[in-house]
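Since the structure comes first, as C-alpha cells, the remarks are kept for the end.
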Amino acid sequence: MKFGVVVFPGSNCDHDTVYTLREILDQEVVELWHKDTDLQDVDMIILPGGFSYGDYLRSGAIARYSPIMGKVIEFAERGGYVLGICNGFQILCEAGLLPGALLHNQNQKFICKNIYILPDNNEAPVNRLLDKEKPLKIPIAHGEGRYFASPETLSMMRQNNQILFRYCNDSGEISEQYNPNGSVENIAGVCNETKNVFGMMPHPERAADDELGNTDGRLILESLIKIILEKKISYYN
Amino acid sequence: MSDTVVTLDVAEKLGLNSEEFDKIKEILGRTPNFTELSIYSVMWSEHASYKNSIKWLKTLPRDGKQILAAAGEENAGLVDLDNGIACAFKIESHNHPCAVEPYQGAATGVGGINRDIFTMGARPVAQLNSLRFGELENDRTKWLMKGVVKGIGDYGNSFGVPVVGGEVYFNKCYTTNPLVNAMSVGIMKKDDMISAIAKGKGNPVYIVGSSTGKDGIHGATFASADITENSAEDLPSVQVGDPFQEKLLLEATLELNKTGAVVGMQDMGAAGIICSTSEMSEKGGHGMRIDLSKVPLRQQNMEPWEILLSESQERMLVVVEKGREKDVEAVFEKWDLNCEIIGEVIEEDRLYFYKGEKLYADVPASTLVLGGGAPVYDREYKEPAYYKEFKKFLIDDVPEPENLQEVVKVLVKNPNIASKKWVVEQYDTMVGTGNMSTNFPSDAGLVNIKGTRSAIALTVDCNSRYVLADPDIGTQIAVAEASRNIVCSGGKPLAITNCLNFGNPYNPEVYWQFVNAVKGMSKACKKFGTPVTGGNVSFYNQTSIDGNVVPVFPTPTIGMLGLLKEKNNQMTMAFKRKGTMVYLIGKSRNDIASSEYLTTWHHIEKSPPPYFDLDEEYRIQKVVEDLIRFSLVLSAHDISEGGLFISLLESGIPKCMGFDITTDAEVRKDAFLFGEAQGRVVVSVSTTRETEFIDFMLQQDVPFSALGHVTKGEIRVDDVSYGFICDLTKDYTESLGAVFQDN
C-alpha cells in the first residue's frame, strides 16, 4: 500500500509515522510537502502529529488552509482514506472532514503518558480487526485533546458507529476516572459518516516498535492496511 | 547612544573594571567608541569569557579516544559511538532569566541548548533537565515552578524532542534564584559535523532564522536609564522563544548541511552576533567585514551596538563557500526563513562592523574571545567555617525513631523523593519513537539509535546538599551517581557535560566551593573514564533568606552520556514477579549523614556527605555491569535519596509489587532503611539463577547480601508490615500534584 504522510511546517511526528509505516509495517511511503498539490497517487493519507505552523492560534486552524489540504479534502470527498493523528485529528476537525472539535485539556496542561483505549465497534477499517473487549495501551501527548461535539451530533455519530475509540483503564472499564483530558463520552477517536476519514488523539505510531516494549498501536495500523488492501483488491477484481 | 563619549565611568557601568578598560585601550591603541566598548563588555563578561573559571576548568580531564571535539572548541561536545555515528550533547543554565520570567526563561533555555546541538549538524533526539526551586510551600516557588515546567514543555513539545530524564530538588537556598539547567543530545553521522569556524577569504557570511529585535540586550538597565524615559518598555531583559521558528531552523540546517556548501556555523545565544562573528573568526584565524544594515530587523531604529548585542532567539550565523549562494538560499526559501548575506570573511584578524557606509567598530577578533585576549583571573579562595563544623556530626547524637512506618509515610511525600510525575507528564517524553524507558523504567533514560544494535543512556545528577557538605566528595558523588545510573540501565559511561551553578566568585568561600568541586569532578571523571566535553558555568546565584544574601548550594550538575552497545542488555529498575530474590550489591553502613531522612525527620542540616569510596564505587559498578551482561539479574536500581527503602519502593511501583526484607543487626535500622551511603545497588534475581548469581558474586571483590524477596503487594521489614505498595504508590506519585491542586 502506498501512504502519503503530509509534512506541515511544525509537524514533528512525520518522521515517526514514516519510520513506522516503512520500517516496521513494510509499506511504501512518500512525504507530501504542505506547499505541494500533487498527492502522488497514494492509497491513503496520514496527517501526523505536531504543532503545524506553531499552533499559536488554535491547533490545526492554519494548517487547514495550506495548499496540500485543498487536495486532501478533494481526496477524502472522493472516498480516499485519510487518518489524522493528534494534530492531524485537530486539522481534520478544523477542515470540516470530521465532526466535533478538540478543546484544551480539562486540566489546562499538556499531558503525555500511556493511556488505554477500547474500540467502540468494528465498523471502520481502523478498528475492524480489533478485539472490542481488549483495551489497547497507546500514548497520548497533547494540550488540546478534549473532544467535544453537540448532543445531536453525538447521537448521530453513535447511531452511525462513528465513534472509533474511548478512553478506559487497563481492564477495559470506561469511566470519567480514566478520561485523561475531559473528552465527551471518553471519546479518543472518531470517523466521518462514510468511514473513510479517521481521527484519533492517541499515537498508534508510538506503540508499534518491539524495541520500545509496546506494540498495541501496530494492531490499529495493521487493521487499517489489511482492510483497505482487501477493498482495493476487490475493487480491481 | 552610539556617540556617547567613552570614559572609565561608562565602562564601569557596562561591567568592566579599570584594568580591563586600560587593556582595551592598549589593544586598540586608542579609546574605544561606545559600540566597541559594548562589544568588549559583553565578550569579556563572565558569561562569555569564563574569566573567573577557565583557569580551573582547564584542569579537568578532557581527553579520551571517544572524544571527537575538544571541550569548548565547538558548540557542544561530540563523542564517538562507533559505527560512524557520533553523539553531540551539552548542558546549559538559564537560571537568571528564569528568576525574572520563569516561562520564557525556561523556554529559551531549551531553545538555546537545542540550537547548540543542531548547529553541529546533529538531530536532537533527547532532552534532560535539572531544576531547583525553593521550598514548595512558598507561593513564589509554585509560581516559578509552574512557569518553568510549562516553559520547558511548551518549547520542547512543539520543537519535538522528548524529555528522557531529569531531576527536581527543593531547598530554601533556591527561593529567589531557581536553577534551570537544560541538556540536549543529538545523533549524527560522524563525518557530518559542522564546525563553528569562519575561513576562506571572500566567503559570504549569512544570518539565517528569526529577525533581530531589541530583546535580551545587555545592560538593559544602563540603556533604559540613558536613552529616554519610555524606552524601558522596549527592552525586555529576557528573550522570547518561538519553538516553531526553531523547528524550521532545525530542518533547514540539517538540509543545508547536505548541500556541502557550509564552511562553518554557530548559533546565536548569549551576546548574539558579536559572539558568533568573533568566535568563528578567531577559530579560523580570519576576520569578517559585516554590514549591520543587512541584518533583518523586527524593530526600527536599532543602533549598531543593539544589533550586535541582541540576543533574539532562533538565529544562526553561517559561512558558506563562495559560489554556492543559490543552493543555500533555496533551502531557507523552502522553509520560509530569513537568509541574508551580511558580510564576508577577510584574511586579517579583524572585525569591521559597518552600517551602510559608516564604520562603527573595528576590533581584532582574537582579542575578544576566551583563549585569545579575554582576561583570565586567578581568584582567591578560603575554606568556610561551616566545613569543619559539619564534620562534627555524630550519628549517635541522633535518636532512633521508634516507629519507622511513620518515617516512611513522611519520606514518600517528601518532594525531593516523591515522584515527579506532575512535572514529567507535562513534557512529551515519547516523540521521536526512541525512548526505550517509557515501558521499561530505568535509572538512566535509554534512547534507541534506530537502525543499529545500540542505544544511548542519559542522566543528569547532582545532590547539592552533599556538595555543600564537602564540595570535593560531593562532586565525586555526583559523577559516581550518574555513572551508576547508566550502569544500572545496562550502559557503559562515556563522557560528561557539566553545568556549574555557584554563588558569587568574588566571595572566597564560594570560590573555595567551586575549586574543590572541580577537583572532585576531575578525580571521579578520571576514575570512570568519562572526560568532560564542555558545559557551562553560572556564577552569581544567590538568595535572600531572612534578610541575609546567601549563595545557593554549590550545584555542579553532571550530565552523562553512556552507550548501551547491545540493546538486549537493556536493564530496568522494575521488579518483575513475586518470589524473585532481592539482593544488595555494596554494603549497608551505619550512616545517615546528609540524608533526606536526617533533614526531613530530624531537621538536622549540618552533617558531612554520606559514606563514599571512589575505588569501591568503581568496583561495584563494574560488577553490576557484568551481572547485567551475563543476564544474572532481573532488575537493577541504585540507592540514592531516601535510601534503601525508597529504592525498593521505586522498583516495586511499576508492576505494583511489594517486598519482604530483613535488616542487619550491625547497622541501625534507620540507617539501614533510609541512610544514603553511596556505592549500593538493589538487584532482583530469579530463583532459578540464584545459585549462579551467588557463585558469580562470591568470586568478586565487592560485598553483597541477601535482603529478602519480592511480594505480591505487601511491604514487610523484619516481619513487620509497612502497608501495601498500592497505598504507598499513591502517596509517592500524587503528593507533588496535590500541592498544585490542578490535576
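Relative contact order of the stretch B:653-743: what whole-number percent is it, with Cα pairs under 8 angstrom and at least 6 residues apart?
Computed over the stretch B:653-743, the figure is 47 percent.
Where Lys and Arg each count +1 and Asp and Glu each count -1, what net charge lies around B:ASP3 among other residues with Cβ under 12 Å from its Cβ?
Result for the neighbourhood of B:ASP3: 0.
Please give the per residue accessible area of the stretch A:2-236, computed with a probe of 1.4 Å over protein heavy atoms only, in Å².
38 Å²
Taking the Cβ-Cβ separation of B:ARG324 and A:GLU23 as r and a Förster radius of 41 Å, what is the calculated FRET efficiency to the nearest 0.05?
Between B:ARG324 and A:GLU23 the formula returns 0.80.
To the nearest 0.05, how large is the calculated FRET efficiency for A:LYS35 and B:LEU359 if R₀ is 41 Å and r is the Cβ-Cβ distance?
0.50
So, counting K/R as plus one and D/E as minus one, what does the shell of residues with Cβ under 13 Å around A:ASN87 add up to?
-4
Given 0.36 nm per residue, what is the gain on full extension from B:SER705 to B:ASN548 after removing their alpha carbon distance, in nm?
51.8 nm
What trypsin sites (Lys or Arg not before Pro) in the stretch A:21-128 are in a loop by DSSP, with at most 15 other Cβ atoms within 10 Å of the Cβ?
Passing both the DSSP loop test and the Cβ count: A:LYS35, A:ARG58, A:ARG78.
Please list, by residue number, everything in the stretch A:171-191 whose backbone N is under 19 Å from a paramagnetic label point 7 Å out along Cα→Cβ of A:GLU123.
A:184-191
Give the residues of the stretch B:509-545 whose amide nitrogen is closer than 19 Å to a point set 7 Å from the Cα of B:GLU46 in the direction of its Cβ.
Taking a point 7 Å out along Cα→Cβ of B:GLU46, the residues of the stretch B:509-545 whose backbone N falls under 19 Å are B:509-519, B:535-545.
What length, rounded to one decimal in nm, is gained on full extension from B:GLU692 through to B:ARG30, with 0.36 nm per residue of separation minus their alpha-carbon distance?
Result: 230.5 nm gained on full extension.
What lysines could a cross-link reach from B:LYS355, if we take a straight Cα to Cα line under 30 Å and drop same-chain neighbours fewer than 8 places away?
Cα-Cα hits under 30 Å: B:LYS13, B:LYS23, B:LYS25, B:LYS199, B:LYS201, B:LYS214, B:LYS283, B:LYS294, B:LYS322, B:LYS326, B:LYS334.
Using only the alpha carbons of chain B, what is the convex hull's orientation-averaged projected area in square nanometres?
30.8 nm²
Given the Cα-Cα distance of B:PHE630 and B:LYS523 and 0.36 nm per residue of separation, how much length would full extension add, in nm?
Contour length minus the Cα-Cα distance gives 35.6 nm.
Where in the stretch B:403-420 is the amide nitrogen less than 18 Å from a point lying 7 Å along the Cα-to-Cβ axis of B:ASP727?
B:403-414
In nm, to one decimal, how far is the modelled label at B:GLN741 from the one at B:LYS55, with both set 7 Å along Cα→Cβ?
A separation of 5.3 nm, rounded to one decimal place.
Shape verdict for the stretch A:1-48, please, from the Cα gyration tensor: rounded (a/c under 1.5), prolate (a/b greater than b/c) or oblate.
oblate
When the expected Rg is taken as 2.2 N^0.38 Å, what fraction or multiple of it is the alpha-carbon Rg of the stretch B:578-641?
Taking N as the residue count of the stretch B:578-641, the ratio is 1.40.
Would you pull out the residues with amide H under 5 Å of B:MET571's amide H, same chain only if 5 or more places away, H placed 1.01 Å from N?
The answer is B:GLY490.
Just tell me, in residue order, which DSSP H segments of chain A are both 27 angstrom or longer along the helix axis (alpha-carbon based) and at least -1.0 in mean Kyte-Doolittle hydropathy.
A:216-236
Can you give the helix-only mean residue ellipticity at 222 nm for the protein assembly as shown, where every DSSP H stretch with n ≥ 4 adds -39500 (n - 2.57) and the sum goes over all residues, rounded to the nearest 500 deg cm²/dmol?
Here the helix-only value at 222 nm equals -9500 deg cm²/dmol.
Where a ≥ b ≥ c are the square roots of the eigenvalues of the C-alpha gyration tensor, would you call the stretch A:2-236 rounded, which needs a/c under 1.5, or, failing that, prolate if a/b is larger than b/c, or oblate?
Rounded, since a/c falls under 1.5.
For the pair B:LYS712 and B:ASP396, how long in nm is the line joining their label points, each one 7 Å along Cα→Cβ?
It works out to 4.7 nm between the two label points.
Rounded to the nearest 5, what is the percent of antiparallel bridges among the DSSP beta bridges in the protein assembly as shown?
Restricted to the protein assembly as shown, the bridges split so that about 75 percent are antiparallel.
How many percent of DSSP beta bridges within the stretch A:1-153 run antiparallel, rounded to 5?
45 percent
Can you give the FRET efficiency to the nearest 0.05 for B:ASP63 and B:ASN403, using r as the Cβ-Cβ distance and R₀ = 51 Å?
Efficiency computed from Cβ-Cβ geometry: 0.45.
Solvent-accessible area per residue for chain B at a 1.4 Å probe radius, Å²?
Accessible area per residue: 35 Å².
I need to check one value: relative contact order of the stretch A:2-236, counting alpha carbon pairs closer than 8 Å and at least 6 residues apart, in percent.
Dividing the mean separation by the residue count of the stretch A:2-236 yields 19 percent.
Would you list, by chain and number, the lysines whose Cα falls below 18 Å from the Cα of B:LYS587, excluding same-chain residues fewer than 8 positions away?
List returned: B:LYS622, B:LYS669.
Add +1 for every Lys or Arg and -1 for every Asp or Glu among the other residues with Cβ under 12 Å from the Cβ of B:THR35, and state the total.
-3
What are the ³J(HN,Hα) values, in whole Hz, obtained from phi via the Karplus relation 6.51 cos²θ - 1.76 cosθ + 1.60 with θ = phi - 60°, for each residue of the stretch B:355-360 in sequence order, with x given for Gly and Pro?
10, x, 7, 8, 7, 9
The values are calculated or read from the model by the stated rules, or taken from the named source; none is laboratory data. None of these values were measured; they are calculated from a predicted model. Here the Cβ is made from the backbone with ideal geometry for all residues, glycine too, and neighbour counts use every protein chain on show. Accessible surface areas use protein heavy atoms only, side chains included; no ligands, DNA or RNA. Shrake-Rupley method; radii C 1.70, N 1.55, O 1.52, S 1.80 Å.
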